[in-house]
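What follows is one structure encoded as structure tokens, with my remarks underneath.
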Amino acid sequence: MAGIGGAETPAKKWGWGVLNTVVVIYALIPVLWIVSLSFKSSKTLSDGNFIPREWSLENYQNIFSTSEFTRALINSIGIAVIATAIAVVFGTMAAYAIARLEFPGKNLLVGVSLLIAMFPQVSLVSPLFEIERSLGLFDTWPGLILPYITFALPLAIYTLSAFFREIPWELEKAAKMDGATPGQAFRRVIAPLAAPGVFTTAILVFIFCWNDFLFAISLTSTEQSRTVPVALSFFTGSSQFEDPAGSIAAAAVVITIPIILFVLFFQRRIVAGLTSGAVKG
Amino acid sequence: MAEIVLDKVTKRYPDGALAVQEVNLEIADGEFIILVGPSGCGKSTTLNMIAGLEDITDGELRIGGQRVNEKAPKDRDIAMVFQSYALYPHMTVKENMAFPLRLAKVDNATVEKKVKEAAEILDLTQHLDRKPSNLSGGQRQRVAMGRAIVRNPKAFLMDEPLSNLDAKLRVQMRTSVSRLQKQLGTTTVYVTHDQTEAMTLGDRVVVMRGGVVQQIGAPQFLYDQPANLFVAGFIGSPAMNFVPATLENGSLRSILGDVTLTDRVRQLVEGADAPREVIMGIRPEHFEDAALVEAAALSSGGKFTHQVDVLESMGSDKYAYFNLTGEQAASAELQELAADAGSDDVPGDGISLVTRLSSASGAVEGASSEIWFDADKVQLFDPSNGRNLTYTER
Ligand SMILES: Nc1ncnc2c1ncn2[C@@H]1O[C@H](COP(=O)(O)OP(=O)(O)O)[C@@H](O)[C@H]1O
Ligand SMILES: [Mg+2]
């Protein structure tokens, strides 16, 4: 941290402090607003108060009262977890090969994965729709998992190969000299060192899958595989005249929780990974 | 423990680079052998082939009489110390040293005992529970050594293990590496680009250049009888002085004056079928202040008078530097040595000469001095191929 702006004068510290506070407030206000909305009763929903005048769990009861939201939650978790697991496993293998091995077509592989990452997803929606319809994948879990993996893999390969490149190759040679098989060298030396990178990648990929709206809305049609972001957009009030904003807010809060838990749970490892990459020992 | 034999071992990298060419080397059981040469000469490649980290393109490697070309590193029972130490950053010192034993499925009590022993030898006992990142360079180096010695391997391979330490620590560690090797009596192959390390550590030294072995021998032998210009210029610090010279009916004409060859040198030169134009090499300690030389020796040696460029008094003796006008001795070997030492781009024409005089010398910087050299200690080289014309296998 020190060294960013040269000497740390009190004035500079103050300046940074104020700037940080402003940025944090700017980022947090909409989130707090949603939380506040979610705790308001339908009567006070549009009163414009930042802090609810009467707290109620009405909205939360509402969203969990029908299967619409719970079913979507299960779909979201299932699809995101499976896609993340597959993308991270294959991404790890591919990144390891890219970082460590010379093989024909290596640059092509890297180029193609970069190409996929940059491809505008929206232009793939209608072809995918047609393909999945004819293959019977439309409105199924695999129908979403497959395109998620496609777009998550380049991301995984990129972050992971950066991490693998940070691990000195000599460690692996040392392990071999110490009597390890290639498998043992990977499991006992490389994997523990790559773990922070794997967790970071897993989080990024999970967030990508969790937040996706485009594929989810185009490639699903029923509760069977509809994920939360899509389900939210289908929320209606219990009557035509009721505003669904309260329910949407409550649902939004609920779907943020897994991500927060995920990040908090792995945070220490991620930070350790980021610094061990930055500061060469 | 075992002897290691390299039989015409060659390495060609996939990109076509020929890194090591037909190296023949027999390393006896318990011997401490040094591979030395400028960087890029194929030392690490040779070591990695012995380790099994690089495939052998051609030739045979035998350890303890057995061909091991196709064996994986783990089946060769050899330990290696890397230049970067390659300690596992997620393990403590103790776990690092225990790692080879754990892989070998040694029982817990034995692991504890062996790690403790190694830690005592290397003075690491109080650091056993620390992580490598919290250790100093010297301590890390010792952990790397510890990881190598715990499992009593057949041989140690070390690739520039001291080059990441600062100069003072390097000298200390040099003696402790030497002591450790004597104590354990394990066959050791040690790679360095530092000729001082090579001279002080090894039983025998292998000098390499461009993937080819130049000479193998005891340090003193390489110093006294270098097989060619390259070895002559590489071994010794300060390095041997080289001056172009002409052979003419038994006398040697050069910018350092004319000398009559001694009988010993003349016989060698005649036997070697020497060309007329040669390169004369003289070590700094074979010069002396002419005023301090006895009359008998004075007349048989060479003499020249020149202004002292720089004078360094070391207390025990004095180094006098001269800058003589004239053509430098030219050969591919000398150019390569200069490039390796980084002195090829130091400005200055002419021949620079380093002489070591006794402390009683009255030489003064900037003033002229008469300097004598021992004609019997002169070595002559063929400029076309670098061969030492005065070489004898005594
Ligand atoms: N993996 C490699 N691929 C191609 N050439 C290599 C490789 N490793 C080393 N070389 C080349 O082989 C030669 C010897 O290298 P090396 O054994 O590392 O030298 P040293 O250890 O003596 O400095 C060098 O010219 C180097 O460029
Ligand atoms: Mg090397």
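Yes or no: A:V253 crowded, with 23+ Cβ neighbours inside 10 Å and β-branched (V, I, T)?
Spelling it out, it is not the case that A:V253 is crowded, with 23+ Cβ neighbours inside 10 Å and β-branched (V, I, T).
Has segment B:15-24 got at least one residue that is open to solvent by less than 50 Å² (accessible area, probe 1.4 Å) and more than 16 Å from ligand 2 (Cβ to nearest atom)?
Yes.
When only residues in segment B:64-101 that are facing another protein chain (nearest Cβ under 10 Å) and hydroxyl-bearing (S, T, Y) count, which is most open to solvent (accessible area, probe 1.4 Å)?
B:S84
Here are B:S369, B:S361: which of them is in a loop (DSSP other than H, G, I, E, B) and either over 24 Å from the mean Cα position of the chain (by Cα) or without any contact (Cβ under 8 Å) to a residue 12 or more places away in the chain (or both)?
Criteria check complete, one pass: B:S361.
In this structure, is B:A232 assigned to a helix (DSSP H, G or I), surrounded by 22 or more Cβ atoms within 10 Å (Cβ to Cβ), within 16 Å of ligand 2 (Cβ to nearest atom) and at negative phi?
Taking the combined requirement at face value, the residue does not satisfy it.
Which of the helices (runs of 4 or more DSSP H) found entirely inside segment A:179-260 contain at least 1 residues meeting this: away from chain B (no Cβ under 14 Å)?
Result: A:191-211, A:214-218, A:228-233.
Is it the case, given these coordinates, that B:F304 is open to solvent by less than 50 Å² (accessible area, probe 1.4 Å) and at pLDDT 95 or above?
Criteria not met by B:F304.
When the residues of segment B:24-47 are narrowed to those that are of a type outside the set (V, I, T) and within 14 Å of chain A (Cβ to nearest Cβ), which ends up nearest to ligand 1 (Cβ to nearest atom)?
Only one residue tops the list, namely B:S44.
Let's see how each residue does on (1) hydrophobic (A, V, I, L, M, F, W, C); (2) in contact with an Asp or Glu (Cβ under 6 Å, 6 or more places away or on another chain):
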| residue | (1), (2) |
| --- | --- |
| B:A28 | yes, yes |
| B:I33 | yes, no |
| B:P38 | no, yes |
| B:T46 | no, no |
| B:A79 | yes, no |
| B:S84 | no, yes |
| B:E95 | no, no |
| B:P100 | no, yes |
| B:K105 | no, no |
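List the number of the failed condition for A:F163; all other conditions in (1) over 22 Å from the mean Cα position of the chain (by Cα); (2) within 14 Å of another protein chain (Cβ to nearest Cβ); (3) on the phi < 0 side of the Ramachandran plot hold.
(1)
I need the full set of residues from segment A:50-108 which are open to solvent by 30 Å² or more (accessible area, probe 1.4 Å), over 27 Å from A:I149 (Cβ atoms) and without any contact (Cβ under 8 Å) to a residue 40 or more places away in the chain, in order please.
A:F50, A:I51, A:R53, A:E54, A:W55, A:L57, A:Q61, A:F64, A:S65, A:T66
Suppose we filter B:I4, B:I50 for residues that are within 14 Å of chain A (Cβ to nearest Cβ), open to solvent by less than 50 Å² (accessible area, probe 1.4 Å) and more than 8 Å from ligand 1 (Cβ to nearest atom); which single one remains?
B:I50
On the given criteria, is B:M208 touching a residue at least 24 places away in the same chain (Cβ under 8 Å), touching a Pro at 6+ places or on another chain (Cβ under 9 Å), surrounded by 18 or more Cβ atoms within 10 Å (Cβ to Cβ) and over 30 Å from B:N323 (Cβ atoms)?
Judged against the criteria, B:M208 is a match.
Among the candidates B:T196, B:T192, B:T187, which residue alone is away from every other protein chain (no Cβ under 14 Å), more than 16 Å from ligand 1 (Cβ to nearest atom), touching a residue at least 40 places away in the same chain (Cβ under 8 Å) and open to solvent by less than 10 Å² (accessible area, probe 1.4 Å)?
None of the other options fit; the residue is B:T187.
So, in segment B:27-63, of the ones that are within 10 Å of ligand 2 (Cβ to nearest atom) and not hydroxyl-bearing (S, T, Y), which residue ends up nearest to B:D194 (Cα to Cα)?
The extreme case among them is B:G37.
Can you tell me which residue among B:L311, B:L353, B:L324 is within 23 Å of the chain's Cα centre (by Cα) and open to solvent by less than 60 Å² (accessible area, probe 1.4 Å)?
Going through B:L311, B:L353, B:L324 in turn, just one is within 23 Å of the chain's Cα centre (by Cα) and open to solvent by less than 60 Å² (accessible area, probe 1.4 Å): B:L353.
For residues that are of a type outside the set (K, R), touching a Pro at 6+ places or on another chain (Cβ under 9 Å) and open to solvent by 30 Å² or more (accessible area, probe 1.4 Å), tally how many sit in segment B:118-172.
So the answer is 2.
List every residue pair whose Cβ atoms sit under 8 Å apart, with the two residues 6 or more apart in sequence or on different chains, where the first one lies in segment B:121-150 and is away from chain A (no Cβ under 14 Å) and the second, anywhere, is of a type in the set (K, R) and part of a helix (DSSP H, G or I).
B:L122/B:R142; B:D123/B:R142; B:L124/B:R142; B:T125/B:K116; B:L128/B:K94; B:D129/B:K94
Look at segment B:235-280 and say how many of its residues are assigned to a helix (DSSP H, G or I), buried (at least 16 other Cβ atoms within 10 Å of the Cβ) and out of contact with any strand residue (DSSP E or B) (no Cβ under 8 Å at 6 or more places or on another chain).
2
The values are calculated or read from the model by the stated rules, or taken from the named source; none is laboratory data. Note that the coordinates shown come from a computational prediction; the quantities given were computed from them, not determined experimentally. Don't worry about glycine lacking a Cβ; one is built from the backbone with ideal geometry, like all the others, and counts go over all protein chains shown. Heads up: the accessible areas ignore ligands, DNA and RNA and are worked out on the full protein's heavy atoms, side chains in. Shrake-Rupley method; radii C 1.70, N 1.55, O 1.52, S 1.80 Å.
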